[in-house]
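This report refers to the structure that appears directly beneath it.
The values are calculated or read from the model by the stated rules, or taken from the named source; none is laboratory data. Note that the structure is predicted; figures quoted are calculated from it, not measured. Counting neighbours? That spans all protein chains shown, and the Cβs are built from the backbone with ideal geometry, glycine included. In case anyone asks, the SASA skips ligands and DNA or RNA and just uses the protein heavy atoms, side chains included. Shrake-Rupley method; radii C 1.70, N 1.55, O 1.52, S 1.80 Å.
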Amino acid sequence: MSSAQKLEHRTGDSSPHSFLEDGQKGLPLEERQHHEHHHPQALTEHGAPIDFHTEQADALESNPNLAWSKFRRVMQEPFSEFFGTFVMILFGDGVVAQVTLSGGKNGDYQSINWAWGLGVMLGVYCGGKSGGHLNPAVTLANCIFRKFPWRKFPIYLLAQTLGAFVASGVVYANYKSAIDQFEGGREIRTVPGFSNHSTAGIFCTYPAEFLTRTGMFFSEFIASSILMFCIYALKDDGNIGAGNLTPLGLLFVIFGLGSCFGWETGYAMNFARDFGPRCMSFFLGYGHEVWSAGNYYFWIPMVAPFFGCVFGAWLYDMFIYTGESPINTPWMGLRRFTRPTKKEWSNTV
C-alpha cells in the first residue's frame, strides 16, 4: 500500500485533497505520491488525536534571494518583537481606553485584565519567531539564566519599546474624538492626580495616591517576580510544562496578576509597555505631568521590572529548575565574576 493509500485508510477519507499541506493542495494523486516518496517526513503524527504538520525543513522561505527577503531575514527578530509588543499594547491600551472613555459602560476592571491577558497571548504568538519576549526585563533574565546572547539585548529593548510607542499612537488616533469629549475639549489633556477626568492612564501606569515610594516599587517588583517565575515554569519541560500552549498559560498569568496585584500601580511589569506609551502621551500633549505625576513615579515601572524578573528567574532556578543554568554550576555561577571574558559572558561562544 502506498503512503497516500495508508493515509487515506487511516482516516477513512479517500478525497484526493485529504491530508494535504497548503503547498500540496490541488496536486494530482501521482504527484503527491512522488512528493511523499522524496519527502517522507512531510506528514507526521503529532499531538492528539492527530494533526499533520509541515516540518521546518519543508517550510522553506519563498524566493529567499529577493532583496526584501534578505533584509527581513536579518531583521526577523526585531520585527517579531516590534509587532508582538505592538499587538499586546493594541489590546491592552485599547481596552483601558474603552472602559475609561465609556465611563465603565463598555467594560470594567476585569475586562481590562482579560484583554491584557489576550494581548499578551496574541502578542507572543505574533512575535514567536524571536521568542516572544515582548518585555526587556524578560530578555534580561534570559540573558542571565538561559544563555540568550547579550548582544541582542539592546536590539530587543529598542524593538519592544518602539512597538509599544507606535501601538499607543494607534490607540490614541482611534479614540481621539472620544478623548476630546471626555476631557472637555480638543486641546485639553490631563493626567491622573491633576484632574478627575484624566485620560493619560489609558496609555501608561500611574500609582494609587495612598502608596508610598517603597510601596510603589514593591508592587511592581513582586508582580514582575511572579510573572518571570511563572514564565520559567511554563517553559520547563522537566516540570509539567505548557509547550506550544505557553501563550495560553500566559493569558491566565496576566489575568491573575491583574486581578490580584494590579490595583495599586497598574501592573506594568515591563519597561517597554510603560515607557513607550508614556513618551507617546508626552508628545501628544499631556505635558510634563506624565513624568511628575505620583511624585515622579515614572522611573519605577522602568526599573523595578528588571529587578523583579531577575529575582523571579533566580528563585525558579534556585529551587525547582534542574536544567542548564548558572545556578546549576559550581558556586551557583558566581565564579563567572572572576572570569570577565567574552567566552564566559557573551552567551555566543
Given a 1.4 Å probe and heavy atoms of the protein chains only, how would you sort 205, 322, largest accessible area at the top? 322, 205
Need one number: nm distance between label points at residue 322 and residue 252, each 7 Å from Cα along Cα→Cβ, rounded to one decimal. 2.4 nm
Once you put a point 7 Å from the Cα of residue 170 and another 7 Å from the Cα of residue 341, both along the Cβ direction, what distance in nm separates them? 4.7 nm
Heavy atoms of the protein only, probe of 1.4 Å, neighbouring chains included. What is the accessible area of residue 179 in Å², nearest 10? 0 Å²
Counting other Cβ atoms within 10 Å of each Cβ, which chymotrypsin sites (Phe, Trp or Tyr not before Pro) in segment 300-342 have at most 12 and sit in a DSSP loop? none
Quick one: grab the alpha carbon gyration tensor of segment 77-344, order the square roots of its eigenvalues as a ≥ b ≥ c, and give me rounded if a/c is under 1.5, else prolate or oblate depending on whether a/b is larger than b/c. prolate
Starting from the Cα of residue 70, step 7 Å along the direction of its Cβ; do the same at residue 283; then give the gap between the two resulting points in nm. 3.1 nm
Restricting attention to segment 125-215, which chymotrypsin sites (Phe, Trp or Tyr not before Pro) occupy a DSSP loop and are surrounded by at most 15 other Cβ atoms within 10 Å? 194, 210
Accessible area in square angstrom per residue, segment 79-165, 1.4 angstrom probe: 39 Å²
Gain on full stretching of the segment that runs from residue 62 to residue 195 - 0.36 nm per residue minus C-alpha separation: 42.5 nm
Give me the number: length gained by fully extending residue 150 to residue 178, i.e. 0.36 nm times residue separation minus the C-alpha to C-alpha distance, one decimal in nm. 5.8 nm
FRET efficiency for residue 129 and residue 295, Cβ-Cβ distance as r, R0 = 45 Å, nearest 0.05? 0.65
What is the percent carbon and sulfur in the accessible area of segment 185-228, measuring with a 1.4 Å probe over the protein chains and ignoring ligands? 59 percent
Restrict the search to segment 76-146; then list the trypsin sites (Lys or Arg not before Pro) that DSSP places in a loop and that have at most 11 other Cβ atoms within 10 Å of their Cβ. 105
